[in-house]
Amino acid sequence: MASCWRLILFLSVTRWLSEIIYSWVFNEFPSFVAEDSRRFISQETGNLYISKVQTSDVGSYICLVKNAVTNARVLSPPTPLTLRNDGVMGEYEPKIEVHFPFTVTAAKGTTVKMECFALGNPVPTITWMKVNGYIPSKSRLRKSQAVLEIPNLQLDDAGIYGCTAENSRGKNSFRGQLQIFTYPHWVQKLNDTQLDSGSPLQWECKATGKPRPTYRWLKNGAPLLPQSRVDTVNGILAIQSVNQSDAGMYQCLAENKYGAIYASAELKILASPPSFELNQVKKSIIVTKDRGVLIECEPQGSPKPAISWRKGDKAVRANKRIAILPDGSLRILNASKADEGKYICQGVNIFGSAEIIASLSVKEPTRIELTPKRTELTVGESIVLNCKAIHDASLDVTFYWTLKGQPIDFEKEGGHFENIRAQASSADLMIRNILLMHAGRYGCRVQTTADSVSDEAELLVRGPPGPPGVVIVEEITESTATLSWSPATDNHSPISSYNLQARSPFSLGWQTVKTVPEVITGDMESAMAVDLNPWVEYEFRVVATNPIGTGDPSIPSRMIRTNEAVPKTAPSNVSGRSGRRHELVIAWEPVSEEFQNGEGFGYIVAFRPNGTRGWKEKMVTSSEASKFIYRDESVPPLTPFEVKVGVYNNKGDGPFSQIVVICSAEGEPTAAPTDVTATSVSVSEIFVVWKHVKESLGRPQGFEISYWKDTEPEDSVETARTRGNESFVMLTGLEGNTLYHLTVRAYNGAGYGPPSREASTTTKRHPPREPPGNLRWEQQGSQVSLGWEPVRPLANESEVMGYKVFYRQEGHSEGQVIETQKPQAVVPLPEAGVYIIEVRAYSEGGDGTASSQIRVPSYSGGKITSAQSTLHSLSKWSSVTLLLALMLPSSSW
C-alpha cells in the first residue's frame, strides 16, 4: 500500500560559484520546496535531503542557483522522483548524512554556520552541544535545528561542537572542532627617525594575531640580512653606531598563514657642523642683584656639539653659584656686579665649531609702594590708588593693574576705572562711582626689562544688603503664613530690618504685608505674615535693609494657598433690572475670587414683598453669577420688594448685603404706534414718522421699525431701532424705485408691543447717469459764463429739476454751489487764482453724474451780475432736514 512505502531521496548539485544561494523548485516555478524537519537543503553542497519520502514528494525537482552578488540565476535540468512498489521501508535508526567538517576554521568577528542533518524513520530530531562548555547565548538554531549559526565570532567561541540525531530507533552523533583565527594587527608601529652619525638605533614593531605572527625586516624593499652592526630578533631591529649607509626606508612585516601586514619608517642620518642660526642667544641680558640668571646655549649640529663657556678670555669654571647645565646653558645664582661682562658659548664637533656672545648687566632691584593699603568705601563713592616704583634710572617701567587676580580691562568696565600716568615712576588707578562688585584685592605690578615686582591693596565696599536666602513657608492658616529665610549678606553694613512682601493673582505686583512682629529686625530669620485672604495662592519674598539702603529681594518662595474660611464679603450694588411681566430681576456685583474664601462659593438671594415678614431664599450656585430672575404670575407689575443678597461656601454662610427696595418688571408695551407715515426722500432713503399713546405700565424704551421689499417675503424683513421717545427715523441704504412696506412697534426690557398698521411708499427713481456735456465757458473780467447741453434722463431715471454748478479755488477743500434751471450759468471769480468748476444735473432722486472739470484762471475781483442764478454757500440744511421740519408738528421742534 502507498501509505506503507518508505524511500530515502538524495538529490545533488555541483557548487560552481562563490557567494551563491541554493533552492529547489518542485514541479514548476515558483513552487519552492519548503524546508522543515523532514526536508533540508545544504547551503554547503546544494543537495536536497528528504529524511522520509512521502507520496506528496513525488514529482519533478529543479535546482535553482542564485548569485547573491550579481543576482544572476541558473536552473538545473529536472530530476524526477518516483516511488518504488517492490517493498516497504521499515523504521531504522538515524544516519547523519550532512555534517560540518571535522575542523572548521573561521576568522574572528565573522559568522559561522555548521550543518547537521540525518536520514531516518521516524524523522530524527537534531540537538547541539559544546564539549566542556556551553553553546554561546548569541547563537541561533535554524532550519528545524539542522543549522547552528554563531555570529560575531570571538576567541572564546572556539572548541569542540557536536550534533546528535535521535529517533525512537536510536541515535547518532558527530563532533568537530571550531577554530578561530585572527589576522595580524599592529600593536606598535615604527616612526620616522633622525639620528646623529654614530648614534645607536633600536626599532620595535609588535603585532597580535592567531596563530602568532612572525616578523621579517626589509630595507628599501629588499630583505635585511643580519650583519656585524645589524641585528634582528623577532620584531626588534638594532643597529650599532649608525652611518650614512644605514639611511633609507625600512619595513617591518608581520604575518601568519591568514595574512600579512606592513609597517614602514624612514631613517635619516644627520651630519653637520655646529650652528646657532636656529637658537639665537640674547645679546644683552639684564638682571637685578641677588637674582638668578640663565644664559642658554643650544647650537645645532650632528654629532651633538660639546659645549664650553668663557668670560672674556678666561674659561668659566663651575662653583656653588655658577653651573653649566646638561643642555649647555650657563646658570648663575645670586648675581652681583662682579658677574657683569661678556660671556662666550662655544660648540664643537668633528665637523667644526661655532660660538655666540651674550652681555650680562646687573642692576639694583626695583621696589614698589601701593597706597592706601586698606580702605572702606560706600557704594557710589570714588577713590584713587597710587602705585609708586623705586627703580634703576636706566630702566623703563610699565604698570599693570589687577582686580582679584584678573587684569582690569579699562575699555569694558563702564567708565568706572581710569589708569592715570602722571609721572614716569608712578601710576594712579581712579575708581569712580564704586559698586559692590568692585570690592576686593587690587594689585599693581611694575615691570622692567630686569625684573617684575607687585603689591596689593584691599578695598572694602559698603552697600545695600544682598538678597536673603531661600524663603520657606513653614506653617499656613486661613489668614497667616509663618516664613523663615537665610540671612542676607550685609555688605559691610549691619542689616537693620527685613521687609516681607507677597504676590497673588489679584495683586498689582509685589505688596508689603503686615507681619508679627510688626518690625522685623536684622537679627531675625522668621516672621508671620498676617491679614491674608483665605483660599488665595501666595508667593512670598524677603527684602533686607541696612543704613546704606535696601537690597535686592530674595528668590520667591514656592506658591502656597491659604486655608478655606467662611466668606466675609457680601455682594455690592444690589439693584433691579428690566424684565418681562410678572418677573422680579435682581442684580448685583459679583464677589471677586480673591474674597470667596474657599470652594463651593455661591449666592443666597432673599426677597419679600414690601411690608411682609417672611423671606424667600434662593440659592445661586455659580460664583460668577450676577443676576437672579424670580417669576410669579401672581405678582403685579411694579410691585416693590425688599431684597438682600448673601454669600456662602463649603465652610458656611457669610453676610448679606444691605436691604434695598426694587420693583417687579412693568411688562412689555401694550399699545401699537398710530399715524405711521412713510415718505420717500431720495433714491435710497425713506423718512418714517409715528405717534405713540402714553401708558402707565409697559413704558417703551424705544421703537423698532420692520421694513421689507414688496417683491420679497416677510421673513426677509430688516429692522432699525430708535431709543427713548423719538417718534421718527430715516431708513437708509435702500434700493431706488422700489416699493417698501413697514410697521412700527414699541419695546422695553420685558419685550415687544404689538405692531402698528402697515405703511408703504416707493423710493425715488435714480438721478440721471448722463453728465452734462459739451461744457463751454467764456471769461468776462471777474466772472465766467458757462453753457452746456441739457441732460435727458432715461425712462427709469428721475426728471431733471435743474443743475448745480460746483466751483472752488485750487488747493481748497471747500467750495460753493450755484443752482439754475437752465443749461447755463455765470460764475463769479472773487479772488485771484485758478478755479475748478464742474456741473451736475439734480432731480428728486438726488444729484447726477458730474461733468468733466474745467480750470479757469482769475486775475481780478468782481461782482455777480447774472439775474438767472443764485449764489450761496453749501447749505447746512439738507433736503431731509427741511422735509423733517415740514412734517413734524411744531411742538416737536
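In a residue-by-residue description of segment 48-70, the property of being more than 60 Å from the chain's Cα centre (by Cα), at pLDDT 90 or above and under 21 Å from G170 (Cβ atoms) applies to at least one position. For segment 687-708: of the residues being of a type in the set (K, R) and modelled with pLDDT under 90, which is least open to solvent (accessible area, probe 1.4 Å)? Checking each candidate, the answer is R699. Per the listing K404, K373, the residue uniquely at pLDDT 90 or above, of a type outside the set (A, V, I, L, M) and over 18 Å from L436 (Cβ atoms) is K373. For segment 779-821, a residue qualifies if it is within 16 Å of E844 (Cβ to Cβ), in contact with a Gly (Cβ under 8 Å, 6 or more places away or on another chain) and among the hydroxyl-bearing types (S, T, Y), and exactly one does: S798.
Listed by position, the strands (runs of 3 or more DSSP E) enclosed by segment 766-853 that each have at least 3 residues that are surrounded by fewer than 16 Cβ atoms within 10 Å (Cβ to Cβ) are 773-780, 783-789. Of the residues examined, E599 is one that is assigned to a loop (DSSP other than H, G, I, E, B) and not assigned by the TED database to the domain that holds T743.
A quick yes/no check of all residues on (1) surrounded by 19 or more Cβ atoms within 10 Å (Cβ to Cβ); (2) hydroxyl-bearing (S, T, Y):
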{"site": "G576", "(1), (2)": "no, no"}
{"site": "S592", "(1), (2)": "no, yes"}
{"site": "F601", "(1), (2)": "yes, no"}
{"site": "R608", "(1), (2)": "no, no"}
{"site": "K644", "(1), (2)": "yes, no"}
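A count restricted to segment 77-88 and to residues that are open to solvent by less than 90 Å² (accessible area, probe 1.4 Å) and touching a Ser or Thr at 6+ places or on another chain (Cβ under 9 Å) stands at 4. Does R317 satisfy the condition of being surrounded by fewer than 16 Cβ atoms within 10 Å (Cβ to Cβ) and either touching a Pro at 6+ places or on another chain (Cβ under 8 Å) or not in a loop (DSSP other than H, G, I, E, B) (or both)? No. Are any of the residues in segment 672-680 aliphatic (A, V, I, L, M) and open to solvent by 50 Å² or more (accessible area, probe 1.4 Å)? Among the residues of segment 672-680, not one is aliphatic (A, V, I, L, M) and open to solvent by 50 Å² or more (accessible area, probe 1.4 Å), which makes the answer no. Does at least one position in segment 500-520 carry a residue that is touching a strand residue (DSSP E or B) at 6+ places or on another chain (Cβ under 6 Å) and touching a residue at least 60 places away in the same chain (Cβ under 8 Å)? Yes.
Checking each residue in segment 543-560 for being under 33 Å from the mean Cα position of the chain (by Cα) and either in a loop (DSSP other than H, G, I, E, B) or over 24 Å from F595 (Cβ atoms) (or both) picks out D552, P553, S554, I555, P556, S557, R558, M559. Might you check whether a residue that is more than 42 Å from the chain's Cα centre (by Cα) and either crowded, with 19+ Cβ neighbours inside 10 Å or not in a loop (DSSP other than H, G, I, E, B) (or both) occurs anywhere in segment 518-535? The answer is yes, given that some residue of segment 518-535 is more than 42 Å from the chain's Cα centre (by Cα) and either crowded, with 19+ Cβ neighbours inside 10 Å or not in a loop (DSSP other than H, G, I, E, B) (or both). Where strands (runs of 3 or more DSSP E) fall wholly inside segment 363-469, the ranges with 1 or more residues that are aromatic (F, W, Y) are 398-403, 417-423, 440-447. State yes or no: is I62 open to solvent by less than 80 Å² (accessible area, probe 1.4 Å), in contact with a Lys or Arg (Cβ under 8 Å, 6 or more places away or on another chain) and of a type in the set (V, I, T)? Considered against the rule, which asks whether it is open to solvent by less than 80 Å² (accessible area, probe 1.4 Å), in contact with a Lys or Arg (Cβ under 8 Å, 6 or more places away or on another chain) and of a type in the set (V, I, T), I62 comes out as no. In the condition set (1) in a loop (DSSP other than H, G, I, E, B); (2) open to solvent by 60 Å² or more (accessible area, probe 1.4 Å); (3) within 30 Å of P713 (Cα to Cα), S756 is compliant with all but (2). P655 meets all of the listed conditions (1) surrounded by 16 or more Cβ atoms within 10 Å (Cβ to Cβ); (2) modelled with pLDDT of 95 or more but one, namely (1). Just give me the residues in segment 29-57 being in contact with a strand residue (DSSP E or B) (Cβ under 8 Å, 6 or more places away or on another chain) and among the acidic types (D, E), in sequence order. E35, E44, D57, listed by residue number. Going through E93, E97 one at a time, which residue ends up being among the acidic types (D, E), touching a residue at least 40 places away in the same chain (Cβ under 8 Å) and open to solvent by 90 Å² or more (accessible area, probe 1.4 Å)? From the options E93, E97, the qualifying one is E93. Comparison of E478, E474 shows that the only residue that is open to solvent by 30 Å² or more (accessible area, probe 1.4 Å) and in a strand (DSSP E or B) is E474.
The values are calculated or read from the model by the stated rules, or taken from the named source; none is laboratory data. In this text, all values refer to a predicted model and were calculated from it rather than measured experimentally. Every residue, glycine as well, gets a Cβ built from its backbone with ideal geometry; the counts of neighbours run over all protein chains shown. The area values use the complete protein model at the heavy-atom level, side chains included, leaving out ligands, DNA and RNA. Shrake-Rupley method; radii C 1.70, N 1.55, O 1.52, S 1.80 Å.
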